[in-house]
1. Please report Rg over Rh for the chain, where both radii come from the alpha carbon positions and Rh follows the Kirkwood definition.
2. Only four residue types carry charge here, +1 at the Cβ of Lys and Arg and -1 at the Cβ of Asp and Glu. Report the dipole size of the stretch 122-246 about the Cα centre in Debye, rounded to the nearest 20.
3. What list of ³J(HN,Hα) values in whole Hz, one per residue of the stretch 118-132 in order, does the Karplus curve 6.51 cos²θ - 1.76 cosθ + 1.60 (θ = phi - 60°) give from phi, with Gly and Pro shown as x?
4. Could you grab the Rg to Rh ratio for the stretch 140-241? Cα atoms only, Kirkwood for Rh.
5. In the stretch 33-157, how does Rg compare with the Kirkwood Rh, expressed as the Rg/Rh ratio over alpha carbon atoms?
6. Quote the relative contact order of the stretch 116-246 in percent (integer), defining contacts as alpha-carbon pairs under 8 Å separated by 6+ residues.
7. Grab the beta carbon distance between residue 121 and residue 173, set R0 = 22 Å, and tell me the FRET efficiency rounded to 0.05.
8. For the chain, what does the helix formula give at 222 nm: sum of -39500 (n - 2.57) over DSSP H segments with n ≥ 4, over the residue count, nearest 500 deg cm²/dmol?
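Bear in mind that the values in this text are calculations on the coordinates, not laboratory data. Because the structure is a prediction, the values reported are computed rather than measured. FYI the Cβ positions are ideal-geometry reconstructions off the backbone, even for glycines, and counts take in every protein chain you see.
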Amino acid sequence: MKDRVAIITGGSRGIGRQCALDMAAKGAKLVINYRGSQEMAKETAGLCKELGAEVLLVKGDVSKEEDCVQLVKAAVDAFGRVDILVNNAGITKDGLLMTMAEADFAQVIDINLRGTFLMMKAVSRQMIRQRYGRIINMSSVVGIMGNAGQANYAASKAGVIGLTKSFAKEVAKKGVTVNAVAPGFIETDMTAALGENVKAEYEKLIPSGAIGSAQDIANAVSFLAEEKAAYITGQVISVDGGMSIA
Ligand code: NAP
């Protein structure tokens, strides 16, 4: 990954931060996006710099087209190209469908699904011109299996799979691969709010018997981001301790 330029959305914390750290360790130049957590984003950037990486921090909301265009422009202005895009930014707004506010449905779709579309669109011309690109989109086990109380989130993550496969077909001849990673239950801020009893219930659903770490996901992401993953495209790699086959 030496001197490859990687954009990571939602890189301030959690899975996005770990992806940034792994790519920094492998020699990539990083463009780290975040929406609100400036201090945590600075911390990620500092840790990546300690690993020897050049880093650009860019604040922006992936559900806004102008922010996505600006993010790609900032990367090209700073480093001249974009080789890797990790569409990691995501949120949850859980609730039962019957009582779910339309605004909560829309916001989750806007960030998780439309944001992924907007970022792929923003980066597409640059990657096609380069005849090189690695796009990794963050889906979820929930996008494959569904989950009571997460209709909006599951729909957004199932949509990410459709986007991934479709765009993979559109750019397969241009040296650009597009894959998705579908994490299972991973220990981050996103899952920290769930009580210990909910976590214990989830653990029972995981064949390996253990909750995953951000590192487990970053391992798969950085593999797909490498040059040698060239012949893998349009795939969904589940990293879930077997949850999706249980
Ligand atoms: P997290 O700890 O809550 O971090 C979310 C990241 O997304 C933060 O960096 C946040 O930025 C950023 N973000 C949120 N909305 C954004 C927006 N509109 N524009 C730009 N950035 C935005 O989440 P995580 O657990 O690391 O999850 C990362 C991805 O993996 C998400 O797509 C999530 O759906 C997916 N995933 C997670 C799990 C899990 O169990 N944790 C399972 C399956 C899939 P700020 O810090 O600035 O707010």
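1. Numbers: Rg = 16.9 Å, Rh = 17.8 Å.
My calculation puts Rg/Rh at 0.95.
2. Details: 12 positive and 10 negative charges, 190 e Å.
So the dipole magnitude of the stretch 122-246 works out to roughly 920 debye.
3. Each residue of the stretch 118-132 in turn: 5, 5, 5, 4, 5, 8, 4, 4, 4, 5, 5, 4, 6, 6, 7 Hz.
4. Working: Rg = 15.0 Å, Rh = 14.7 Å.
Result for the stretch 140-241 is an Rg/Rh of 1.02.
5. On the way: Rg = 16.1 Å, Rh = 15.8 Å.
In the stretch 33-157, Rg relative to Rh is 1.02.
6. Values: 204 pairs, mean separation 40.6, N = 131.
It comes to 31 percent, rounded to a whole number.
7. On the way: r = 18 Å, r/R0 = 0.84.
My answer for the efficiency is 0.75.
8. On the way: 10 runs with 114 residues, N = 246.
When only DSSP H runs of four or more count, the value is -14000 deg cm²/dmol.
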